[in-house]
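Engineer: I'd like to ask you about the structure that follows.
The values are calculated or read from the model by the stated rules, or taken from the named source; none is laboratory data. Source: prediction; values computed, not measured. No Cβ is skipped: glycine too gets one built from the backbone with ideal geometry, and neighbour counts run over all protein chains shown.
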Amino acid sequence: MRVVAEEASKVTIRLERKHPLAIRWMHWINFPVLFIMILSGIRLYWNTTDNAHLHPHAVYRIGFGSHTLLQIFPEPVWQWLNIPWHVTQGLGDHFFFMWIFTANGIAYVLYTAISGEWRFIVPRRQSLKDAVLVILATLHVRKGLPAQNKYNGAQRIAYTTVTAMGAGSVFSGLAIMKPTQLHYLTTILGGYEWARWEHFWLTMSFCLFFLVHVLQVAFAGWNNFRSMVSGREIRPITAPSLEAERKSW
Amino acid sequence: MSAHPDPPEAEAAFKSDAEVLAASRKYTRRSFAVAALAAVAGWEFCRKVFYSSAIGDQPWPRRRILQADAKLSRAIFDERALAPTYPVSKSVMLRTNGHVGIKEELVPESWRLQLVGVASAQRYKQYVSDVTAWNYDYAGPITDAGELIREERKEARAGKLPRGLEEAGRSLSTLPQGTPGLLLTLDDILKLPKHELVTEFKCIEGWSEIVHWGGVRMADFLDAYPPQPKPDGSLPRYVYMETPNGDYYVGYDLHVCRHPQTLLVTEMAGRPLLQVHGAPLRLHAPTKYGYKQIKRIGLIAYTDIKPDDYWTKLGYDWYAGL
């Protein structure tokens, strides 16, 4: 009995304060809002592909010159997602939820900048090299992960890039929305059609990010996922403390 | 609200792994309960946005936001900016799109522009006591590949009109019989200074084309035929236009019509306007989407009541400002 009690009293783990409350709220608000922005955006994009033969357009395809490898999207995909003929719902939702998406994004950037959390997120000099090692380890090409604190190099690059993509979506969206009043912005982005191209492919990139992100979270397991809700992660007592690092700022 | 409600010291005092796990469970229960509540609240919010009762085929929260967006645009931009212009060599023949109100070939000689709300209208020689009595003559339907495809589609969908192709019905702003005003001929309009403009035409469907327009400035037209001021001396706020048969109708802010690039168009690509593009007179406004650039104008009315608008009834934005 005494031995068991001693074993039990030996502390090998602790609760790491991983994600601040504000970041958790902003993360989970962004998830459905971005989803609605993408779905409503695709409902708008569909309208251009309607009667596509009347105006062969460069925005919605993968190809070179007059050779198109893939129309975006093929008809079965439109049907599967129930996209056709929902243009006005798309417009209404897009111009509604854009405010929440933008406000949430600005709040996130301000919060990370002021709180100092950006130090966990913005890539450092060795992040690119670390990212390569992380990818090799993920693909089981190479064993062992480089040292990290909150995020590894691949995460730092991914999370910073996706934040910049959000800003890119807001600016290219403004350029599309007000191409006359904000024609300087539209011109900087290469004109109206390029702004639409950029806005569309940023959206496709969000979808790719989402796919990889969800897969990685699934592989990382419950402890990691839960920390984006409860804020706390169970870690070995020997692991470097994020809280100590926060205090050092 | 602090980032973490409990001080780290409280957690540092754990005496065993079991205590750590118990604490974690407490936080997990609490935070997931909050998350569940937030998810329900979020879904209720979205349901309100998606499924509330509609104003002009748009659930009211979305309609209100469209109106708020327009208000903000007016406050910030006020249609001050000029749209970029392009060399004529970059222009193309505008694609035909949308046939509401111009499905029949109009006999050009029978065209007159009804103009209502002009200051001291009686002093003009074109004054008539009832502009609505004017008869337009038609010479059979306009046939066009795009229109035929749409008709086939409608049939393929077994009579269920796809969204965006429904008819919005009659205008609420159409003139009552006996409305006095002017009946202008094309020559009257062509007396105004001619302007050419090469701008990018943008359709809300997503496509855009650079077009070479020719015509007269709406601002010059407003100077030649100024609106009747209200008793307090201010001008009416809106302009209403419709096709000769009244099937297509659009409302504008008066000051948008004063924008120097708002044209009453009589020529496209250096040639007289075609009927499918709205001959003899259509509107071009690079501050607005294409659905606001009405083809074949039969009536222009200055009014202080916000005019009815074809596509606004079908869920689109009245303002449509670019």
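Engineer: Which numbered condition in (1) under 27 Å from the mean Cα position of the chain (by Cα); (2) farther than 23 Å from B:G278 by Cβ; (3) modelled with pLDDT of 75 or more is the only one that B:G117 fails?
Structural biologist: Of everything listed in (1) under 27 Å from the mean Cα position of the chain (by Cα); (2) farther than 23 Å from B:G278 by Cβ; (3) modelled with pLDDT of 75 or more, B:G117 misses just condition (2).
Engineer: Turning to a different aspect of this structure: Report, by residue number, each residue of the range B:262-309 that is within 18 Å of B:L66 (Cβ to Cβ) and within 13 Å of chain A (Cβ to nearest Cβ).
Structural biologist: B:T287, B:K288, B:Y289, B:G290, B:Y291, B:K292
Engineer: Additional query: Given the conditions (1) over 19 Å from the mean Cα position of the chain (by Cα); (2) under 24 Å from A:L91 (Cβ atoms), report the number of the one that B:Y249 does not fulfil.
Structural biologist: All conditions pass for B:Y249, except number (1).
Engineer: Let me ask something else. Which residues, counting only those in the range B:270-304, are part of a strand (DSSP E or B) and either among the aliphatic types (A, V, I, L, M) or surrounded by 22 or more Cβ atoms within 10 Å (Cβ to Cβ) (or both)?
Structural biologist: So the first thing to find is which residues in the range B:270-304 are part of a strand (DSSP E or B), and the list is B:271-272, B:282-284, B:288, B:299-303.
Within the range B:270-304, B:R282, B:L283, B:H284, B:K288, B:L299, B:I300, B:A301, B:Y302 meet the criteria.
Engineer: Any chance the range A:67-75 includes a residue that's out of contact with any strand residue (DSSP E or B) (no Cβ under 8 Å at 6 or more places or on another chain), more than 12 Å from chain B (Cβ to nearest Cβ), at pLDDT below 85 and assigned to a helix (DSSP H, G or I)? Walk me through it before giving the result.
Structural biologist: Here is the first cut: in the range A:67-75, the residues out of contact with any strand residue (DSSP E or B) (no Cβ under 8 Å at 6 or more places or on another chain) are A:67, A:73-75.
In the following step, the residues that additionally are more than 12 Å from chain B (Cβ to nearest Cβ) were identified as A:67, A:73-75.
Still in the list and also at pLDDT below 85: A:67, A:73-75.
When the remaining residues are screened for being assigned to a helix (DSSP H, G or I), the result is A:75.
Yes, the range A:67-75 contains a residue that is out of contact with any strand residue (DSSP E or B) (no Cβ under 8 Å at 6 or more places or on another chain), more than 12 Å from chain B (Cβ to nearest Cβ), at pLDDT below 85 and assigned to a helix (DSSP H, G or I).
Engineer: Here is a further query. Applying the selection to the range B:196-205, what residues are assigned to a strand (DSSP E or B) and in contact with a Phe, Trp or Tyr (Cβ under 8 Å, 6 or more places away or on another chain)? Don't jump to the end; show me each part of the working.
Structural biologist: Step one: filter the range B:196-205 for residues assigned to a strand (DSSP E or B), giving B:196-202.
Of everything in the range B:196-205, those that are assigned to a strand (DSSP E or B) and in contact with a Phe, Trp or Tyr (Cβ under 8 Å, 6 or more places away or on another chain) turn out to be B:E196, B:L197, B:V198, B:T199, B:E200, B:K202.
Engineer: Residue under question is B:T312, and the condition is that it be within 14 Å of chain A (Cβ to nearest Cβ) and of a type in the set (S, T, Y); does it hold? Talk me through it step by step, then tell me what you get.
Structural biologist: Values: within 14 Å of chain A (Cβ to nearest Cβ): yes; of a type in the set (S, T, Y): yes.
So B:T312 fits the description; yes.
Engineer: Let me spell it out: the conditions are (1) outside any helix (DSSP H, G or I); (2) modelled with pLDDT of 90 or more, and A:V33 meets all of them except one. Which number is the exception?
Structural biologist: Every listed condition holds for A:V33 apart from (1).
Engineer: Here's a check for you: in the range B:53-99, which residue that is at the interface with chain A (Cβ under 9 Å from one of its Cβ atoms) and hydroxyl-bearing (S, T, Y) is farthest from A:L182 (Cα to Cα)?
Structural biologist: Among those residues, the one meeting the criterion is B:T96.
Engineer: Answer yes or no: is there a residue in the range B:186-195 that is farther than 27 Å from B:Y136 by Cα, aliphatic (A, V, I, L, M) and part of a loop (DSSP other than H, G, I, E, B).
Structural biologist: no
Engineer: For the range B:206-221, name all the residues that are away from chain A (no Cβ under 14 Å), assigned to a strand (DSSP E or B) and surrounded by fewer than 22 Cβ atoms within 10 Å (Cβ to Cβ). Lay out the reasoning, then the answer.
Structural biologist: The first filter runs over the range B:206-221 and keeps only residues away from chain A (no Cβ under 14 Å), leaving B:212-221.
Still in the running and assigned to a strand (DSSP E or B): B:212-217.
Hits for the range B:206-221 are B:G214, B:V216, B:R217.
Engineer: Moving on. When the residues of the range B:31-52 are narrowed to those that are more than 7 Å from chain A (Cβ to nearest Cβ) and not hydrophobic (A, V, I, L, M, F, W, C), which ends up farthest from the chain's Cα centre (by Cα)?
Structural biologist: Within the range B:31-52, the match that is farthest from the chain's Cα centre (by Cα) is B:E44.
Engineer: Can you say whether B:S24 is more than 7 Å from every other protein chain (Cβ to nearest Cβ) and either surrounded by fewer than 13 Cβ atoms within 10 Å (Cβ to Cβ) or not basic (K, R) (or both), as far as the supplied structure shows?
Structural biologist: Considered against the rule, which asks whether it is more than 7 Å from every other protein chain (Cβ to nearest Cβ) and either surrounded by fewer than 13 Cβ atoms within 10 Å (Cβ to Cβ) or not basic (K, R) (or both), B:S24 comes out as no.
Engineer: Need pairs with beta-carbon distance below 7 Å; first residue at negative phi and within the range A:63-80, second assigned to a helix (DSSP H, G or I); sequence gap 6+ or separate chains.
Structural biologist: Every condition considered, the pairs that remain are A:W78/A:W46.
Engineer: Mind checking which residues of the range A:172-217 are within 20 Å of the chain's Cα centre (by Cα) and among the hydroxyl-bearing types (S, T, Y)?
Structural biologist: Hits for the range A:172-217 are A:S172, A:T203, A:S205.
Engineer: Moving on to the next point. What is the number of the single condition among (1) of a type in the set (D, E, K, R); (2) farther than 23 Å from A:M177 by Cα; (3) more than 8 Å from chain B (Cβ to nearest Cβ) that A:R43 does not meet?
Structural biologist: Unmet condition: (2).
Engineer: While we're on this one: Of the conditions (1) surrounded by 13 or more Cβ atoms within 10 Å (Cβ to Cβ); (2) more than 22 Å from the chain's Cα centre (by Cα), A:E117 satisfies every one except a single condition; which number is it?
Structural biologist: Answer for A:E117: the failing condition is (2).
Engineer: Ok, one more. So, in the range B:236-269, exactly how many residues are in contact (Cβ under 8 Å) with a residue 60 or more places away in the chain and either part of a loop (DSSP other than H, G, I, E, B) or among the hydroxyl-bearing types (S, T, Y) (or both)?
Structural biologist: Total meeting the criteria: 16.
Let's see how each residue does on (1) assigned by TED's automatic domain parsing to the domain that holds B:S129; (2) over 30 Å from A:Q89 (Cα atoms); (3) modelled with pLDDT under 90; (4) surrounded by 15 or more Cβ atoms within 10 Å (Cβ to Cβ):
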position: B:E151; (1), (2), (3), (4): yes, no, yes, no
position: B:L161; (1), (2), (3), (4): yes, no, yes, no
position: B:E167; (1), (2), (3), (4): yes, no, yes, no
position: B:L172; (1), (2), (3), (4): yes, no, yes, no
position: B:G178; (1), (2), (3), (4): yes, yes, no, no
position: B:L184; (1), (2), (3), (4): yes, yes, no, yes
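Engineer: So, one more: Output the residues belonging to the range B:100-133 that are within 20 Å of B:P176 (Cβ to Cβ), of a type outside the set (A, V, I, L, M) and assigned to a strand (DSSP E or B).
Structural biologist: Selection gives B:Q114, B:Y127.
Engineer: Please determine whether any residue of the range A:130-139 is among the charged types (D, E, K, R) and within 18 Å of the chain's Cα centre (by Cα). Explain how you work it out, then say what you get.
Structural biologist: Quick first cut of the range A:130-139, residues among the charged types (D, E, K, R) only: A:130.
Subset that is within 18 Å of the chain's Cα centre (by Cα): none.
The answer is no; no qualifying residue exists.
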